[in-house]
Every structure is written in C-alpha cells, then in structure tokens.
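The values are calculated or read from the model by the stated rules, or taken from the named source; none is laboratory data. Note that the structure is predicted; figures quoted are calculated from it, not measured. Cβ placement follows ideal geometry from the backbone for every residue including glycine, while neighbour counts extend to all protein chains displayed.
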Amino acid sequence: MQSCAIGERLREERERFGWNQEELGQRGGVNRNTQGKYEKGERNPDSSYLTAVSSAGVDVLYVLTGQRAPVPVDGLSDDAHELVQLYQQISEADRSVLLRMAWAFAKANAQP
C-alpha cells in the first residue's frame, strides 16, 4: 500500500463528509492521533478500521485504490436516474455549477 496516497484520500473522504479527525477516528474505532497518522501516511489503517469507516459511508475502494466504486445503473432510484439523464443534457459550465451545488448540499447534510 502507498501510505501517503492512502492518507491523502482518507483525508479527502473525511472532508467530503465534513468530519474532523476526531469524528472519523471515532467512526473507525481509533483516536484522533491515530487518525492523523493514517492521514499523514505514518501508519496504515487495518481491516477493522476500514470496515468500520466503510459502514459510515467512506468509499474504501477509493481510499485504497484511488478509484471510486461504480454505482450500477439498476441500483439508482428513479429520481437519481432522472438526474443523471438531465445532467448529460446540460452544458459543461452548467455541470460545474450543478456539481458545486451538490457538494454544498451533501456537505451540509453530513454535518453532525
């Protein structure tokens, strides 16, 4: 495992949810200091930690490989499927705006 890259992606996932190191560490069953070491690449997370943070919504495939887990089309709700179809019909500039709005909504909803 490339610790530094894993640590950076783990930090990205933590920030995606709006959590601090203490909050993600608690979800993974470790203290803030250990969480910080994971993110700095000084230590590698073990399987029990990765399982726990996966249950909290962290994309562990992304953390380990840098590739997002694909969502099968048949796994999308009707609303999500419609949103994807509409997204494909809008300009690149509008897509950028839409993505920024979606990230803002997701971050606001992830706040404890």
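Given the criterion in contact (Cβ under 8 Å) with a residue 40 or more places away in the chain, in contact with a Phe, Trp or Tyr (Cβ under 7 Å, 6 or more places away or on another chain), buried (at least 16 other Cβ atoms within 10 Å of the Cβ) and not basic (Lys, Arg), identify the matching residue among Leu64, Leu10.
Working: Leu64 fails: in contact with a Phe, Trp or Tyr (Cβ under 7 Å, 6 or more places away or on another chain).
Every option except Leu10 fails the conditions.
Being exposed (fewer than 10 other Cβ atoms within 10 Å of the Cβ) and at pLDDT below 85 is the filter here; which residues of the stretch 90-112 pass it?
Those that are exposed (fewer than 10 other Cβ atoms within 10 Å of the Cβ) and at pLDDT below 85: Ala108, Asn109, Gln111, Pro112.
Thr34 passes all but one of (1) without any contact (Cβ under 8 Å) to a residue 40 or more places away in the chain; (2) of a type in the set (Val, Ile, Thr); (3) surrounded by 13 or more Cβ atoms within 10 Å (Cβ to Cβ); (4) part of a loop (DSSP other than H, G, I, E, B); which number fails?
Result: Thr34 fails condition (4) only.
Regarding the stretch 80-87, can at least one residue be identified that is over 21 Å from Trp103 (Cβ atoms) and aromatic (Phe, Trp, Tyr)?
No, the stretch 80-87 contains no residue that is over 21 Å from Trp103 (Cβ atoms) and aromatic (Phe, Trp, Tyr).
Which of the residues that make up the stretch 52-89 are on the phi > 0 side of the Ramachandran plot and either modelled with pLDDT under 90 or touching a Gly at 6+ places or on another chain (Cβ under 8 Å) (or both)?
Within the stretch 52-89, Gly57 is the sole residue that qualifies.
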